[in-house]
Structure formats: structure tokens, C-alpha cells
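Below: the structure, in C-alpha cells.
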Amino acid sequence: MNLFRGLRPFERAGAVRDALAGVVLAAMDIPQVLGYSKIAGMPVVTGLYSLMLPLVAFAAFGSSRYLVVAADSATAAIFAGGVSGMATPAGAQYVALAGIVALLTAVILLLARLLRLGFIADFFSRTVLVGFLAGVGFQVGISVLSEMLGVHVDSRRPMVQLWEVLRGLPRAHLPTVALSVSVLGFVLVLRRFAPKLPGALVAVVAAIASSAALDFAGHGIATIGPVSAGLPHLGFMGLLSLRSMSWQEAQQLITVSVSCAVMILTQSAATSRIYAAKHNREVNENNDLFGLSAANAAAALSGGFVVNGSPTQTAMMEDAGGQSQFAQVATAGVVALVLLFLTRPLQYLPTCVLGVLVFMVALRLIDLKALSDIRAESPQEYALAVTTAAVVLLVGVEQGIVLAMVVSLLRVVQHSYHPHSGVLLADESGTWKLVPVAPRAVTEPGLVLYRFGAALFYANAGRFLEEVSLVVQPMPSAIRWVVVDAEAMTHVDYSAARVVMALKKNLTEAGIELAFARLPWDLRAEFDRHHLTEAIGPAHIFNRLHDAIAAFEASANPSEGKPSETISDDRLRDSGGSLGEQ
């Protein structure tokens with residue numbers, strides 16, 4: 001097995017640079033993963049666990065040089081939303097469930113690797129993913145408002161929580177509110193005027209020092225309390241709880257794990273592709289799937305929760321100067337030192353400060369610029385993004401990821417079912433254009449050049465038949481040839497082949513010739529297999545549109561034996577290329 005691909009080639013100068021980047025990444029990332037553990041409902045220390053063995057596991061088995069695999073807001077929210085009703089958050093049973101979900105997710109990702117399913121990431125449109133992450137952002141942001149304001153809430157449903165917070169505003173704890181506003185303003189100011197400084201880390205250190213010196217807890221400001229010291233204990237403790245679990249509960253955990261695996265697959269693939277392209281590196285999603293599987297198995301082994309390829313943490317690593325997985329290994333080493341020697345001060349960290357950090361993570365998930373761009377360019381896709389966000393917020397994260405999957409796949413089917421098709425016409429300047437199919441839409445008297453812009457299969461074969469019939473039915477006696485431009489047809493199935501045969505028979509009875517032009521080489525083999533070549537006739541299958549037009553004109557003027565030069569072969573070739581891109 002080819003281990004540590006993301007570290008090679010290993011150079012001493014590069015190792016020093018990446019080690020320094022790893023220290024910077026740890027400084028910026030430790031406050032964030034504490035927040036992610038809060039989103040997941042896990043003990044705070046488990047966020048630190050996610051920055052140790054999972055990073056090393058991905059560095060060993062993954063292929064991306066840049067992808068940072070650790071706790072992430074999206075998968076933390078999916079996990080919390082799926083298991084929140086099964087156990088008390090941060091309790092022993094809850095932690096056991098987290099280990100089971102991480103292990104199941106690792107198994108699912110491993111199966112995806114064995115089946116080479118990395119391509120699935122291509123089927124998730126950016127539109128629905130933007131909507132999904134926006135919904136997660138709203139949900140996560142609402143969930144920490146009560147901690148930022150010192151207001152007690154009972155519900156775990158976002159909209160009910162929001163109502164309880166609004167109703168409890170008169171009883172808000174003013175010192176907690178003042179601290180939350182101060183930390184939020186401080187971090188935003190640093191981000192605006194000193195973006196290179198780790199504002200979140202500075203805020204956390206200052207809050208811990210102030211809390212210890214001024215006894216925040218004694219003044220009613222809640223703190224996170226004692227944090228377990230030392231390195232994580234290794235073992236799959238959660239497997240013991242499977243014995244007492246009902247089949248319904250097991251099904252729920254499997255559903256949550258599948259949702260996490262889908263989010264990990266899509267988000268990690270998108271992130272690794274972006275940075276590979278930016279730095280002219282190759283990316284292999286299938287190899288990364290093995291690394292992601294190993295990282296989640298490591299999370300389960302070390303008492304953590306599901307981990308993901310994080311775009312925000314990957315961006316931080318790149319900004320810090322890291323250019324290989326050695327930076328992530330260095331980060332893991334720094335976190336190990338923190339766990340061994342620096343966990344005691346964490347008990348003084350105010351809960352509201354952690355809530356502020358989570359709230360800022362939630363704000364980054366709501367990409368208003370992307371939503372605005374989608375709305376300006378495609379109102380229909382904007383509606384899909386908003387619908388996805390609403391489902392996540394009102395129904396649940398699991399349902400939101402399922403909707404994202406279904407909508408993305410339906411859009412693929414829609415493009416194939418309703419392809420870009422029409423009749424080729426020449427305008428006054430002699431440039432070819434594609435016009436919608438309509439009665440009496442002909443290329444020239446007696447000839448229809450019809451372009452169908454997708455593979456021909458059982459679902460869209462009826463549309464193919466309907467559009468050809470629409471052109472010829474009003475004036476069958478005036479149409480002598482129908483030539484199908486098949487350049488975009490990559491496939492024809494059995495059902496569609498029977499539709500073409502029936503169309504050929506009907507047109508022949510009406511005195512109209514059916515021909516095909518520009519068949520891709522693999523489509524010719526399918527024509528042979530489905531007996532379409534025999535039905536249409538080899539003489540009516542042409543390599544070029546110009547050849548088809550020449551044959552039509554020769555049939556109209558058999559005595560001349562030579563077609564007229566009214567249509568340029570180069571012009572047809574040019575028009576075909578541009579139409580194929582529409």
C-alpha cells in the first residue's frame with residue numbers, strides 16, 4: 001500500500017515550512033473544534049481528539065496534499081440532529097453513539113472506495129449544497145443563541161428554540177450578554193483589521209484568563225467545567241451498547257451514518273479538487289475515500305465523533321503556508337501537547353464564548369453572495385436552494401441531505417429528459433442557429449435538420465417522436481427528408497430503438513426519408529446491436545451533415561448527379577460545434 005502520498009516528495013526545507021504551518025493551524029483551529037464539539041453535543045475535549053488521530057490517519061492513507069480532515073460543522077450538525085433524541089448530549093451513552101456513527105461512516109466510505117464511487121460527488125449541484133449549508137448555518141446559529149444570551153430553552157427544534165429565546169429575552173443574563181457581545185465584536189474587529197491574527201484563539205485565551213481571575217462562574221456566567229486531561233483512550237467502546245439497541249435505533253444510526261458519508265464524500269471531493277486545481281496537483285477522489293474512511297475509524301477508536309474534509313480548515317492551513325500533509329501531522333503533535341499539559345485552564349472557558357465561536361461558524365455557512373449570484377443568474381435554482389435550506393431548518397438535517405441528493409439527481413434526469421433540441425436554420429448572414437421545434441419549421445424546402453441534444457432512452461424517446469411528428473404532420477407531402485443530427489446522442493437503449501423503428505415505418509409510409517448524421521463511433525455499435533442500422537439503411541447514415549444534405553439534394557435532382565453548393569461544409573461543422581455547447 002502506498003502510504004503518506006500527501007507528504008511526498010519529502011524535503012527538509014518543505015518540512016520546516018509545513019511544521020510551522022501546522023503550529024499556526026493548531027492555534028487557529030483548536031477554538032473552532034471546541035465549537036464543533038458543542039454543535040455535535042459532545043464533550044469539549046472530543047473536539048481536540050478529532051485533531052489528532054484522524055489527521056494522522058488521513059495523512060497516511062489519503063492522497064490530497066491539502067485537505068484537512070477533522071471535526072466539521074456540517075457533519076456535526078447531521079450527527080446531532082440524528083441522534084439527539086436517543087441519549088442525553090455529552091453523556092456516556094451519547095459518546096458511545098458517536099463512536100458507532102463514526103465507525104459506520106468509516107465502513108460506508110470504505111465500501112464506496114471499493115466500489116469506486118468517488119464520481120458520485122459530481123452529481124451534487126452547487127446550488128443545493130449552498131442551500132443545504134445555509135440551512136445548517138441557520139440551525140446551528142439558532143441553537144447557540146440561548147447560551148450567548150443566558151436564556152434557558154427546553155426544545156431541540158430550531159424554530160421552537162428561536163421562539164423560546166425571543167420569549168425569554170426579558171430574562172436574559174446581562175453579564176453573559178455583555179461578554180458575548182464583547183467577544184463577538186473583538187473577533188470581528190481583528191478579522192477586519194488583522195486577519196492574519198488568530199482572533200478566536202486570542203479571544204479564548206483572554207476569556208479563560210479573565211474568567212479565572214474574576215470568577216465569572218461566581219457571577220452567574222456559565223463555564224464549560226473540568227476537561228479530561230491526557231491522550232484519548234483507544235478502543236471501540238460504543239460497540240458494547242449495540243447489544244441493548246433495538247433494530248429501530250440501529251436503523252436510525254445507519255441513516256445518520258449514510259447522511260454523514262454523503263456529506264463527507266461531496267464536501268471533501270469539492271474541497272480537494274479546488275486546492276488541487278489551484279496548485280496544479282492531481283486529485284484522486286477514490287484514494288481520498290480510503291483516507292476519509294481511515295480518519296473516521298480513527299475518530300471512533302479515539303472516542304471522538306465523525307470527521308470530514310473541512311473547506312474552512314483547509315483554507316486556514318493553506319493561508320498558514322502548509323503545502324503537504326506534514327502540516328496536519330504537526331498540528332496533531334501540537335494538540336497532543338495541549339491534551340497532556342494545557343487542559344486544566346479550559347475549565348474556566350465561559351460557555352457563551354464558545355457559543356459566539358459557533359455562531360460565527362454558522363454565519364460563514366450562510367453564503368449570501370453565492371445565494372445572491374444564484375438568484376441573479378437562475379431564479380429557479382435559487383428557489384431550489386431556498387427550499388433545501390428551509391427543509392433543513394424546519395424538518396431536519398437528515399431530510400435536508402436526502403432532499404439535496406434527490407434534487408441534484410432529478411436535475412440530471414431533467415436535462416436528459418428535456419434536452420436542448422430543435423431545427424437547424426440558416427439566418428440572413430448564413431450562420432446556423434437552432435430554433436424551437438414548431439409546425440412548418442424546415443431547414444429548406446423539403447428538408448428538416450433536427451438536432452436532439454442528449455442520449456436517447458426510454459424516458460425521452462416519446463419527446464423525440466413528438467417533436468419529429470410536430471414538424472412533419474402539418475405538411476407531410478412537403479417534407480421529403482428528416483435528418484437527425486445525432487452528434488450529442490451518446491446512447492440509445494432498447495425502448496428508444498423501438499420508437500425510432502416505428503418512426504421510420506410511419507415516415508416511410510408518408511413518403512418521407514429518415515436519416516441520421518454525425519453518429520459517435522460508440523453509438524454506431526449500439527445502432528448495429530439494436531438493428532437500427534438495418535432498419536434505417538446504411539445509405540441513410542452519414543458521417544457529416546453536409547453528406548446528408550448532398551444526398552437529399554441529389555435525390556431531388558437525380559439528373560444532375562451533383563448537389564448544389566448552397567450549404568458550406570465548414571459552416572455546418574462550425575455550427576454543430578457551437579450547438580453542442582448550448
Hey, does the range 472-482 have a residue that's touching a residue at least 24 places away in the same chain (Cβ under 8 Å) and within 14 Å of Ile536 (Cβ to Cβ)? yes
For the range 371-380, does any single residue satisfy the condition of being in contact (Cβ under 8 Å) with a residue 40 or more places away in the chain and outside any helix (DSSP H, G or I)? yes
Restricting to helices (runs of 4 or more DSSP H) lying wholly in the range 152-248: which have 1 or more residues that are surrounded by fewer than 18 Cβ atoms within 10 Å (Cβ to Cβ) and of a type in the set (Phe, Trp, Tyr)? 158-168, 174-193
Quickly run through the range 517-555 and pick out the residues that are among the hydroxyl-bearing types (Ser, Thr, Tyr) and touching a residue at least 40 places away in the same chain (Cβ under 8 Å). Ser555
Kindly check whether there is at least one residue in the range 356-366 that is under 30 Å from Pro31 (Cβ atoms) and surrounded by fewer than 18 Cβ atoms within 10 Å (Cβ to Cβ). yes
Residues that are free of Cβ contacts under 8 Å to residues at least 60 places away in the same chain, surrounded by fewer than 15 Cβ atoms within 10 Å (Cβ to Cβ) and not in a strand (DSSP E or B), drawn from the range 425-458: Asp427, Glu428, Ser429, Pro436, Ala438, Pro439, Arg440, Pro445, Tyr458
Limited to the range 494-523, what total is found for residues that are surrounded by fewer than 16 Cβ atoms within 10 Å (Cβ to Cβ), under 38 Å from the mean Cα position of the chain (by Cα) and not in a helix (DSSP H, G or I)? 1
Given the structure, is Ala276 in a helix (DSSP H, G or I) and assigned by TED's automatic domain parsing to the domain that holds Val68? yes
Filter the range 381-423 for residues that are part of a loop (DSSP other than H, G, I, E, B) and in contact (Cβ under 8 Å) with a residue 40 or more places away in the chain; which is farthest from Thr255 (Cα to Cα)? His420
Of the residues that make up the range 531-548, is at least one modelled with pLDDT under 50, within 23 Å of Ala454 (Cα to Cα), polar (S, T, N, Q) and in a helix (DSSP H, G or I)? no
Can you tell me which residue in the range 7-64 is farthest from Leu110 (Cα to Cα), limited to those that are modelled with pLDDT under 90 and of a type in the set (S, T, N, Q)? Gln32
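The values are calculated or read from the model by the stated rules, or taken from the named source; none is laboratory data. All values reported here derive from a predicted model rather than from experimental measurement. Backbone-built Cβ (ideal geometry, glycine too); neighbour counts: all protein chains shown.
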